[in-house]
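Written out below as structure tokens is the structure these notes cover.
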Amino acid sequence: MIRRAIVVGASSGIGREVAERLIQDGWQVAVVARRLDALQSISHPSHTPPTVARIDITAPDAGDLLRQLIEKMGGVDLYFHASGYGKQNTRLSSDIEMKTVETNATGFVRMVGEAFRWMAAHGGGHIAVISSIAGTKGLAPAPSYSATKAFQNTYIQSLEQLSNCRKLNIRFTDLRPGFVDTDFIKGSHFPMMLDKSRVADEIMRAVYGRQHVRIIDWKWRILVALWQLTPRFVWRKLPLLPSERQ
């Protein structure tokens with residue numbers, strides 16, 4: 001039986017790691033990103049090379065291009081969304097805030113929504129997305145990033161309920177890693193940094209296990225539980241910017 005997967009945001013980091021694992025596991029994989037050169041070098045020893053597609057999820061035609069890719073592959077069983085954007089933005093640069101929203105909110109809805117509509121019309125499938133523990137609470141260093149990750153959490157939860165209401169066979173996995181050592185945050189100094197290879201291994205277990213929500217890893221599960229218990233009047237006074245006065 002052929003299993004087909006599309007990995008959006010596969011040019012680097014977690015998306016690339018997941019794509020390579022799916023290829024190794026015998027999936028027919030399409031890898032998607034803005035940078036074609038990075039996709040061409042994805043490892044596939046002794047396996048079928050992936051289909052490569054350039055899609056900018058912030059472009060208005062991205063959904064149409066995704067549907068064309070699905071049809072080219074003959075369908076999709078797993079849609080994996082790893083594309084995202086975020087930077088620390090303590091000075092609230094408008095460019096950073098808007099690019100974050102365009103990628104993590106507008107682009108996210110455009111692509112995940114298209115995958116949902118295709119699966120709804122073709123017997124179902126599995127949608128897995130990388131959101132973040134940043135969606136748990138508003139984080140001063142990255143306002144729009146925190147907000148859009150919370151948006152992603154709620155959007156996936158809503159689609160899961162919608163799928164059940166419509167009796168669709170669509171499964172969802174919301175993957176929420178802590179800080180991962182990738183190019184995405186290169187040069188930053190974050191606590192409890194996670195190795196991307198180990199994160200990818202845990203993601204694969206969560207996807208294959210059809211988990212609904214997975215916080216990665218155990219240290220972050222403990223910390224997130226504490227965050228959730230922190231009263232708002234305490235949270236808003238936490239000194240998350242120790243090196244600079246706001």
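Largest first, what is the accessible-area ranking of Tyr79, Tyr208, Tyr85 with a 1.4 Å probe?
Per-residue accessible area, sorted high to low, gives Tyr208, Tyr85, Tyr79.
Quick check on the chain: helices-only [θ] at 222 nm, where DSSP H runs of length 4 and up contribute -39,500 (n - 2.57) each and the sum goes over total residues. Nearest 500, please.
Rounded to the nearest 500, the figure is -13000 deg cm²/dmol.
Test of understanding: what is the full-extension gain from Asp195 to Arg117, defined as 0.36 nm times their sequence separation minus their Cα-Cα distance? Present the calculation step by step, with values, prior to reporting the outcome.
Details: separation 78, 0.36 × 78 = 28.08 nm, distance 3.41 nm.
Stretched fully, the Asp195-Arg117 segment lengthens by 24.7 nm.
Please give, to one decimal in nm, the separation of the simple spin-label points placed at Arg221 and Ser94, each 7 Å out from Cα toward the Cβ.
4.4
For Thr106, Thr230, write out the residues from largest to smallest accessible area, computed with a 1.4 angstrom probe and no ligands counted.
Sorted by accessible area, descending: Thr106, Thr230.
Tabulate in residue order the Karplus-calculated ³J(HN,Hα) for region 76-82, using 6.51 cos²θ - 1.76 cosθ + 1.60 with θ = phi - 60°, rounded to whole Hz; enter x for Gly and Pro.
Once θ is set to phi - 60°, the couplings for region 76-82 become 8, 9, 10, 9, 10, 9, 10 Hz.
Express in Å², to the nearest 10, the accessible area of Trp218 obtained by rolling a 1.4 Å probe over the protein heavy atoms while all chains stay in place.
Roll a 1.4 Å probe over it and Trp218 shows about 150 Å².
What per residue convex hull volume, in Å³, comes out for region 21-103 when only alpha-carbon positions are used?
Details: hull volume 9.5 nm³, N = 83.
So the per-residue hull volume is 114 Å³.
Calculate, in nm to one decimal, what Leu238 and Thr58 gain on full extension: separation in residues at 0.36 nm each, minus their alpha carbon distance.
Additional length available on full extension: 61.4 nm.
Each residue of region 195-202 in order: what ³J(HN,Hα) in whole Hz does its phi give by Karplus 6.51 cos²θ - 1.76 cosθ + 1.60, θ = phi - 60°, with x for Gly and Pro?
6, 5, 5, 5, 4, 4, 4, 5
Leaving out ligands, DNA and RNA but keeping every protein chain, what accessible area does Asp64 have, in Å² rounded to the nearest 10, with a 1.4 Å probe?
100
Tell me, what ³J(HN,Hα) does each residue in region 15-20 have, in order and in whole Hz, if you take phi through Karplus 6.51 cos²θ - 1.76 cosθ + 1.60 with θ = phi - 60° and put x for Gly and Pro?
3J(HN,Hα) across region 15-20, in whole Hz: x, 5, 4, 5, 4, 5.
For the pairs Lys137/Lys237; Lys72/Lys99; Lys87/Lys219; Lys72/Lys167; Lys99/Lys196, flag any whose C-alpha to C-alpha distance is greater than 19 Å.
Lys72/Lys99; Lys87/Lys219; Lys72/Lys167; Lys99/Lys196
The values are calculated or read from the model by the stated rules, or taken from the named source; none is laboratory data. Since this is a predicted model, take the numbers as computed values, not measurements. So basically every Cβ, Gly included, is an ideal-geometry build from the backbone, and we count neighbours across all protein chains shown. To get the accessible areas, we keep the full protein, side chains included, count just its heavy atoms, and leave off ligands, DNA and RNA. Shrake-Rupley method; radii C 1.70, N 1.55, O 1.52, S 1.80 Å.
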